[in-house]
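Beneath this line is the structure, given in structure tokens, with notes to follow.
Taken together, the values in this text are just the output of simple stated rules run on the coordinates, not laboratory data. Fair warning: this is a prediction, and the values are worked out from it, not measured in the lab. Glycine also receives a Cβ, built like all others from the backbone with ideal geometry; neighbour counts cover every protein chain displayed.
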Amino acid sequence: MKKILILSFYVFSIALISCSGDYIMRIPEDPAAAILLKPDNNTECLEVEAVKFEWNKSLNTDTYTIVVTNLISKTIITQTSTSPIKEITLEKGHPYSWQITSSNNMVSKTAKSEIWKFYLSGEALFNHAPFPAEILAPSYNASISKGAIELSWSSSDIDTGDTHTFDIYLDQTNATTVNTSNHTTTKKSVTLNDVGTYYWRIITKDNHGNTSDSGVFKFTVTE
């Protein structure tokens, strides 16, 4: 009986030591998404040599991966950092988007920030081209039943007073055929009864004659 009591006390003592937090092995936690700071969303950036990207530190994060996309050429730059700041040299006179992915060395899950856009002009401009339209639906490589199909996209411009119209290109070759010109909203319903792959893109135009191209997207129409 005495031996049982001593053994029970020993096990209880180990449990207390473990619960103290000094010797317990903690389970790694998933990283949190970073909060973007600079360059601010939908603004003009005037940098001489390099753009300084800044974001808030995110919880449970060891490294950050920044992805910067040239919205005209679609060129993507990817770099990593252990601090919430990174300078990257970019070509002037182009619109860009950027996003941060937070990673933890102990877990496989990552967390992505919002996607922000900015225009790198190098010098102040009176008016800027609108950002390329962001295709929403149908998503790239989506499969959709034939019949009435709604095309939708989003549009943004750092010149808040500008107005915009949209030319919709849609066909089964490479989005070279105009379906609708000078459309005034960011949605358009089309009827497609022929099955197969369709290609489409949006040309955004502002009231100053500036334009931008969304790039070609595709989807498949099925029975």
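Miscellaneous remarks
- Relative contact order computed over the stretch 36-120 (Cα-Cα under 8 Å; 6+ residues apart), in percent: 37
- Mean Cα-pair separation over length for the stretch 134-222, i.e. relative contact order, pairs under 8 Å, 6 or more apart, %: 37
- Mean sequence separation of contacting Cα pairs (under 8 Å, at least six apart), scaled by the length of the chain, corresponds to a relative contact order of 17 percent.
- Degrees, to the nearest 10: 2-19 long Cα axis against longest axis of the chain: 30
- Note on the chain: dipole from Cβ charges, positive end direction compared against 28, 82, 66; the farthest Cα belongs to 28.
- Eligible lysines near residue 57 by straight Cα distance, threshold 18 Å, same-chain separation 8 or greater: 38, 86, 109, 112
- Compactness of the stretch 134-222, taken as the C-alpha radius of gyration over 2.2 N^0.38 Å, stands at 1.09.
- Residue ranges 126-134, 163-171 sort as 126-134, 163-171 when ordered by packing (mean number of other C-beta atoms within 10 Å per residue, highest first).
- Mean residue ellipticity, 222 nm, helices only, the chain: the sum of -39500 (n - 2.57) across DSSP H runs of n ≥ 4, divided by residue count and rounded to 500, is -2500 deg cm²/dmol.
- Straight-line reach from residue 218: taking Cα to Cα under 18 Å and skipping same-chain neighbours fewer than 8 places apart, the lysines in range are 74, 146, 187, 188.
- Within the chain: Cβ-based charge dipole about Cα centre, in debye rounded to nearest 20 (Lys, Arg +1; Asp, Glu -1): 1100
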